[in-house]
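The values are calculated or read from the model by the stated rules, or taken from the named source; none is laboratory data. The shown structure was predicted, so the numbers you read here are calculated from the model rather than taken from an experiment. Surface accessibility is based on the protein's heavy atoms, side chains included, excluding ligands, DNA and RNA. Shrake-Rupley method; radii C 1.70, N 1.55, O 1.52, S 1.80 Å.
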Amino acid sequence: MRSHIQGDLSVGQFANKLLQIGDGKVPEDPSTGLIIMPCGQIVNSPDELLSKVYPNIQQNFKDQDWLSHRAILASRNDVVEKLKVTIQKHLPGQEYAYKSIDRLHP
């Protein structure tokens, strides 16, 4: 709706493409789970994708402004999870796992 109000047709087309992705109507590569769209750059692997979207992530991952200008869209949560794990492997420091607590017992 906002894209129509602003009069920018390309924004509206991009928004429609995002809706198609969310509805599962855009085919994906079965080996990688990635969707190839005509905009942006085409990559051949998740690692190449990360190096294009997050260059020098080891130095920049604490910079909120730098991070806020980057995004990867994925069609399904399992693809997001795989990309998240790949990104985390590139970050410096020790990995920690925290367990959640639903309630406390006295």
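Computed quantities for the displayed model
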{"item": "Segment 5-32, residues that are of a type in the set (G, A, S) and either assigned to a helix (DSSP H, G or I) or at pLDDT below 75 (or both)", "result": "G7, S10, G12, A15, G22"}
{"item": "Helices (runs of 4 or more DSSP H) lying entirely in segment 57-106 (those with 2 or more residues that are under 26 Å from G22 (Cα atoms))", "result": "64-68, 77-89"}
{"item": "Enumeration of residues in segment 45-86 that are open to solvent by 90 Å² or more (accessible area, probe 1.4 Å) and not charged (D, E, K, R)", "result": "N56, Q59, Q64, H69, L73, N77"}
